[in-house]
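First the structure, in the form of structure tokens, and then the observations on it.
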Amino acid sequence: MNKRLLLSLVLFLVAIPTAAVLGLTVLKNVRWLVWSLTVAALSVIPFLFTFERRRHTLTRLILIAAMVALSVGGRILFYAMPGFKPITAMVILTAVYFGPEAGYMTGSMAALLSNFYFGQGPWTPFQMAAWGLIGFFAGLLQKRLRKSLPLLAVYGAAVGVLYSLILNFEHTVGVMGAFVPAEYAAVTVASLGFTAIYAVSNVAFLLVLKKPVGKILERVTVKYGLGKTEETET
Amino acid sequence: MTILHPALSFTYYIAMILLTCFVRNPVVTLSALVGGLCHWAFFTTAKEKREDLGFYLPLAALVTLANPVFSHNGKTPLFFLNGNAVTKEAFVFGACSAALVVAVLIWSKGYSKTVTSDKFLYLFGSVLPKTALILSVALRYLPMLRTEAHKLKDAQKSVGLYSKGSLTDNFLSSCKIYYALAGRTLENAVGTADSMRGRGWGQRGRVPFARYRFRKRDAVAAVPLALCLSLVLAAAGSGALTFSFYPGLTLPPLSPLALTGYAAFGLLAMFPTILQTEVDLRWRFLQSRL
């Protein structure tokens with residue numbers, strides 16, 4: 001846990017700011033593009049390689065895969081309600097019960113997988129980073145979020161807004177080639193409706209699903225002895 | 001593009017998308033758009049074309065018009081709006097951004113059509129085996145979830161527990177099916193894992209099955225692609241393609257390097273079309289000899 005925390009702190013406090021400063025000072029013309037892609041890559045690649053290096057039981061990997069499929073496949077059940085997608089809520093719940101790494105993997109893989117169906121593009125790394133980090137931080141706050149339903153709802157609403165802001169950033173930089181505050185503000189205002197739906201649907205899903213899905217995840221963990229990550233298997 | 005080795009088509013599309021994003025020069029953007037459209041014409045059906053155009057055209061109009069409204073840089077005012085100059089430069093920049101956005105969308109679509117999930121897994125399976133395992137199991141679970149969800153929904157309907165009366169009812173009923181599905185899938189997942197372990201998953205000496213080989217035609221395609229790509233990178237890296245929109249529109253001088261860069265990028269953008277035409281012609285030729 002400490003090592004993991006240290007790694008993430010190094011990544012967020014040293015590597016990403018360094019890349020950001022370098023990108024802003026050295027590369028003048030395309031600096032925002034380089035900057036944003038670097039930050040997105042730095043929030044995806046190290047996590048994946050750390051995940052590969054650690055030991056995981058096969059059951060744990062398959063359970064993460066099942067959670068990924070459930071987060072993406074949930075769309076078909078809620079197709080009648082536009083914008084209501086259970087992805088974020090499921091990622092948060094996975095993180096709360098299986099820990100930060102599982103949360104990260106579920107989030108980023110759900111983004112990648114759903115884009116195989118809805119189209120990959122320059123937004124893919126940003127979605128992978130955004131959903132992955134939503135899961136990762138939910139995992140770091142694991143104990144508190146598990147205990148308090150209001151806190152979980154607040155987290156869900158906050159990350160709904162944050163997700164929207166990150167994707168607006170990607171859109172602005174992608175269209176303008178640079179970060180233009182006026183354009184960013186315009187995009188943010190234009191997408192306000194979606195932002196609200198994200199936040200509200202996250203809260204609604206978390207409030208309804210926390211108890212039953214939490215029970216299932218807890219039962220699976222206890223029943224098959226998956227509480228610990230450190231088990232001797234590939 | 002689908003006949004090429006996945007590594008080649010993956011690199012090609014990623015390079016095209018990145019170059020289109022990074023080299024903000026109207027000539028390059030236009031070549032990317034034209035090349036992309038020719039490619040797009042081949043891989044979409046008539047219905048898809050209508051749907052895509054219905055999305056791309058309004059988006060392009062929006063991006064073109066939004067920029068001059070928000071950005072008042074540039075030295076040639078066209079007219080004044082609420083006391084702010086609407087400039088020619090901002091307008092051209094908006095039009096170029098619109099072309100760029102549509103080009104990137106089209107190339108991304110080409111990527112999605114060509115580098116399908118199986119090819120992606122083949123490419124990254126050996127670098128990130130655990131990630132690839134998660135992805136491929138999840139891919140297999142998706143169609144299964146669909147059938148299971150329908151079964152659960154039918155069951156709930158027949159006992160009269162599924163209601164679509166109001167939005168809340170619909171949401172709660174769907175949630176009920178969703179967590180029943182979650183319970184089933186997770187128990188199932190543990191079974192999948194046991195079964196995989198029982199069949200010797202993770203034993204030493206296993207090799208992944210690969211359907212793709214790097215053939216002669218891949219090598220034949222790779223050489224000109226690599227050449228064009230390095231020429232474009234050389235031209236772009238040396239600043240020979242740097243276009244500036246503000247304060248006035250200035251095309252970089254047409255040096256030999258810049259011209260080579262444009263030509264190389266044009267060829268690169270037309271590559272899928274050339275390849276497709278070549279394949280079609282060869283097919284016709286083979287048929288005519290029967």
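Only one of A:Ala204, A:Ala130 is of a type in the set (Gly, Ala, Ser), within 17 Å of A:Met90 (Cβ to Cβ), touching a residue at least 12 places away in the same chain (Cβ under 8 Å) and within 9 Å of chain B (Cβ to nearest Cβ). Can you tell me which? Spell out how you get there, then give the answer.
Details: A:Ala130 fails: within 9 Å of chain B (Cβ to nearest Cβ).
A:Ala204 is the lone residue from the list that is of a type in the set (Gly, Ala, Ser), within 17 Å of A:Met90 (Cβ to Cβ), touching a residue at least 12 places away in the same chain (Cβ under 8 Å) and within 9 Å of chain B (Cβ to nearest Cβ).
Residues are listed down the side, and each one gets a yes or a no for (1) in the same structural domain as B:Thr116 (by TED's automatic domain parsing); (2) surrounded by fewer than 17 Cβ atoms within 10 Å (Cβ to Cβ):
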| residue | (1), (2) |
| --- | --- |
| B:Val159 | no, yes |
| B:Gly239 | yes, yes |
| B:Pro256 | yes, yes |
| B:Pro272 | yes, no |
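Any chance you could count how many residues in region B:87-146 are in a helix (DSSP H, G or I), closer than 20 Å to B:Pro26 by Cα and more than 8 Å from every other protein chain (Cβ to nearest Cβ)? Reasoning before the result, please.
Restricting attention to region B:87-146, the residues satisfying the condition of being in a helix (DSSP H, G or I) are B:88-114, B:117-124, B:129-146.
Checking which are closer than 20 Å to B:Pro26 by Cα leaves us with B:88-108.
This time we only want the ones that are more than 8 Å from every other protein chain (Cβ to nearest Cβ), so: B:88-96, B:98-99, B:102-103, B:106-107.
Residues flagged as in a helix (DSSP H, G or I), closer than 20 Å to B:Pro26 by Cα and more than 8 Å from every other protein chain (Cβ to nearest Cβ) within region B:87-146 amount to 15.
Scan region A:67-80 and give yes if some residue there is outside any helix (DSSP H, G or I) and not aromatic (Phe, Trp, Tyr), otherwise no. Give the derivation first.
Step one: filter region A:67-80 for residues outside any helix (DSSP H, G or I), giving A:78-80.
Okay, now just the ones that are also not aromatic (Phe, Trp, Tyr), so A:80.
Among the residues of region A:67-80, at least one is outside any helix (DSSP H, G or I) and not aromatic (Phe, Trp, Tyr), which makes the answer yes.
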Quick one: would you say A:Ser43 is facing chain B (nearest Cβ under 10 Å) and closer than 30 Å to A:Val200 by Cβ? no
Residues in region B:176-193: is at least one assigned to a helix (DSSP H, G or I), among the aliphatic types (A, V, I, L, M), assigned by TED's automatic domain parsing to the domain that holds B:Ala90 and in contact with a Ser or Thr (Cβ under 8 Å, 6 or more places away or on another chain)? no
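Yes or no, residue by residue, for (1) within 11 Å of chain B (Cβ to nearest Cβ); (2) closer than 30 Å to B:Asn25 by Cα; (3) at pLDDT below 95; (4) in a helix (DSSP H, G or I):
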site	(1), (2), (3), (4)
A:Arg144	no, no, yes, yes
A:Val154	no, no, no, yes
A:Gly160	no, no, yes, yes
A:Leu165	no, yes, yes, yes
A:Phe179	no, yes, yes, no
A:Val189	no, yes, yes, yes
A:Val213	yes, no, yes, yes
A:Val222	no, no, yes, yes
Listed residues B:Leu167, B:Leu181; which is surrounded by fewer than 14 Cβ atoms within 10 Å (Cβ to Cβ) and within 8 Å of chain A (Cβ to nearest Cβ)? B:Leu167
Verdict on B:Ala155 being more than 7 Å from chain A (Cβ to nearest Cβ), hydrophobic (A, V, I, L, M, F, W, C), in a helix (DSSP H, G or I) and farther than 22 Å from A:Val203 by Cα: yes
Close pairs (8 angstrom Cβ cut-off, 6 or more residues apart or separate chains): at positive phi in region A:165-191, of a type in the set (Lys, Arg) and exposed (fewer than 15 other Cβ atoms within 10 Å of the Cβ) anywhere: none
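Please go through region A:78-93 and pick out each residue that is hydroxyl-bearing (Ser, Thr, Tyr) and within 11 Å of chain B (Cβ to nearest Cβ). Full working, then the answer.
Filtering region A:78-93 down to residues hydroxyl-bearing (Ser, Thr, Tyr) leaves A:79, A:88.
Residue satisfying the conditions is A:Tyr79 alone.
The values are calculated or read from the model by the stated rules, or taken from the named source; none is laboratory data. The structure displayed is predicted, hence computed values, not measured ones. All Cβ positions, even for glycine, are placed from backbone atoms using ideal geometry, and neighbour counts span all protein chains on display.
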